[in-house]
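The values are calculated or read from the model by the stated rules, or taken from the named source; none is laboratory data. Computed from a predicted structure; not experimentally measured. Here Cβ is always computed from backbone atoms with ideal geometry, including for glycine, and neighbour counts include all displayed protein chains.
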Amino acid sequence: MQWSLYLLILMGQCCFFTCRLYEYHFIAENKSWSEAQRYCREKYTDLAKVFDMTDMSRLRNSTQNQGEAWIGLNNNTGGNRTWHWSLPGVEYIQNDSSWNLNGRQNWEPYPGNCGRKREKLADVSCEYPMWFICYDEMKKDNKRLYFIQDTKLNWTQAQSYCRYNYTDLASGLDQVDGKEMKALIKSKDSKFSAWIGLFRDSWRWSDGSDFSFRYWDMQLFNDEQSNKTCAMTLLNRSGKWSSDECDKEKPFFCYDDKLILIKENKTWEEALNYCENNYKRLVSITNPEVQRWVQETAKNADSPYVWIGLSYKCTLGLWLWGSDYVVCYEKWATEGKTEGCDMSVGVDRGGQHEWFSRRNNETYNFICSKQ
């Protein structure tokens, strides 16, 4: 009875534990984009970055202001464009076998900045009207992909349609090259061609993050305006984004990160003690949002793995977080999980940022939580 009660308490902790990984702060002082960046780095972490629509809602709700405000996106890369997937959290990894590298059709003579799917991927102009494929994470009727062929839209319109009616445009090679996509293509004729959630641009976040979420107001935004290389949110237009000249003075949004990467190699116990003495704890990953934030943080590590606060407790026969929360979300690598009294968990710095059991006496960088 006592043991069962203890487990119920632990499960309750799992269910009700939530964590705000970062906070937005609206600064009602007019500054240029670079001045705003400097201010945010001195007072907080950096100019605001936005991961998804949930972030956009939080950003907008952090102020009553209804004007324009700088965010941390800029186009000072010299035109170097990078591919992204539309669905937040899906990382683009180049795979030449997925692309059509054998030339283009007559109607697509130049490289474009959006991706379409036939049997292979191709980059075409984003303005071309086309059918498209939406992804729905709810898996209704055992389906994840939906081919929309009752209307043809350009890429941005297709993205808006999918985000409103489903989750997003189909994104990631697991979706775009997977069994469900192959079955969908096989059921169509040779003229099948559809937008998927692939785009490229030269916009980058101030802190170096690779977040792919974009929320441009296409009635006002023109990516060809080379003198307007800093992004702003238009709070009176649902928070949608446009760009302006970076020396214009506007209020701005900062964000304050609650995670911190410690670039010192320590054992798991040493890392645990360091975080408890200097911050709050080794980070606990309780949902996909926290996992994505840890992934971004881990990319900057100097060691192949990064310690998190999960270890195996022999006395209970359980994996527990340092604060005694049970595991209610996990991202173990295939064959990455080994249970043992001297085992804790490191997140892979590269690749898919999965979890691996590592011996406690191995030394790695680690991530502390400030709350």
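Go through the range 223-242 and report how many residues are among the polar types (S, T, N, Q) and within 19 Å of residue 80 (Cβ to Cβ).
Just the residues of the range 223-242 that are among the polar types (S, T, N, Q), to begin with: 225-227, 229, 233, 236, 238, 242.
From what is left, the residues that are within 19 Å of residue 80 (Cβ to Cβ) are 225-227, 229.
Number satisfying all stated conditions: 4.
Residue 237: buried (at least 17 other Cβ atoms within 10 Å of the Cβ) and touching a residue at least 12 places away in the same chain (Cβ under 8 Å), yes or no? Break it down into steps so the answer makes sense when it comes.
Working: buried (at least 17 other Cβ atoms within 10 Å of the Cβ): no; touching a residue at least 12 places away in the same chain (Cβ under 8 Å): yes.
When the stated conditions are applied, residue 237 does not pass them.
Condition check for residue 236 on (1) out of contact with any helix residue (DSSP H, G or I) (no Cβ under 8 Å at 6 or more places or on another chain); (2) in a loop (DSSP other than H, G, I, E, B); (3) closer than 26 Å to residue 154 by Cα: one failure, at (2).
Residue 313: farther than 23 Å from residue 90 by Cα and free of Cβ contacts under 8 Å to residues at least 24 places away in the same chain, yes or no? In short, yes. With the condition kept exactly as written, say whether any residue in the range 161-179 is part of a strand (DSSP E or B) and buried (at least 19 other Cβ atoms within 10 Å of the Cβ). Yes; the residues of the range 161-179 include at least one that is part of a strand (DSSP E or B) and buried (at least 19 other Cβ atoms within 10 Å of the Cβ).
Residues are listed down the side, and each one gets a yes or a no for (1) surrounded by 12 or more Cβ atoms within 10 Å (Cβ to Cβ); (2) modelled with pLDDT under 90; (3) more than 14 Å from the chain's Cα centre (by Cα):
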{"site": "56", "(1), (2), (3)": "yes, no, no"}
{"site": "62", "(1), (2), (3)": "yes, no, yes"}
{"site": "67", "(1), (2), (3)": "yes, no, yes"}
{"site": "72", "(1), (2), (3)": "yes, no, yes"}
{"site": "79", "(1), (2), (3)": "no, yes, yes"}
{"site": "85", "(1), (2), (3)": "yes, no, no"}
{"site": "88", "(1), (2), (3)": "yes, yes, no"}
{"site": "97", "(1), (2), (3)": "no, yes, yes"}
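Would you be able to say whether some residue in the range 29-40 is at pLDDT below 85 and not in a helix (DSSP H, G or I)? No - not one qualifying residue is present in the range 29-40.
Look at residue 364 and say whether it is in contact with a Pro (Cβ under 9 Å, 6 or more places away or on another chain), outside the structural domain of residue 92 (by TED's automatic domain parsing), modelled with pLDDT under 90 and more than 25 Å from residue 94 (Cβ to Cβ). Steps first, answer last, please.
Numbers: in contact with a Pro (Cβ under 9 Å, 6 or more places away or on another chain): yes; outside the structural domain of residue 92 (by TED's automatic domain parsing): yes; modelled with pLDDT under 90: no; more than 25 Å from residue 94 (Cβ to Cβ): yes.
When the stated conditions are applied, residue 364 does not pass them.
Can you tell me which residue in the range 267-294 is farthest from the chain's Cα centre (by Cα), limited to those that are surrounded by 16 or more Cβ atoms within 10 Å (Cβ to Cβ) and in a loop (DSSP other than H, G, I, E, B)? Restricting to residues being surrounded by 16 or more Cβ atoms within 10 Å (Cβ to Cβ) and in a loop (DSSP other than H, G, I, E, B), the top hit is 267. Cβ-Cβ contacts under 6 Å between residues 6 or more apart (or on different chains), taken from a first residue in the range 52-67 that is in the same structural domain as residue 211 (by TED's automatic domain parsing) to a second residue that is assigned to a loop (DSSP other than H, G, I, E, B) and modelled with pLDDT under 90, are listed as 52/88.
In this structure, does residue 254 turn out to be closer than 30 Å to residue 127 by Cα and outside any helix (DSSP H, G or I)? Give the steps one after another, and end with the answer.
Working: closer than 30 Å to residue 127 by Cα: no; outside any helix (DSSP H, G or I): yes.
Here the answer is no, as residue 254 does not meet what is asked.
Here residue 7 passes the criteria (1) among the aliphatic types (A, V, I, L, M); (2) at pLDDT 95 or above; (3) part of a helix (DSSP H, G or I) except the one numbered (2). Based on this model, can you work out whether residue 235 counts as in the same structural domain as residue 59 (by TED's automatic domain parsing) and among the aliphatic types (A, V, I, L, M)? Yes; evaluated as a whole, the condition is true for this residue.
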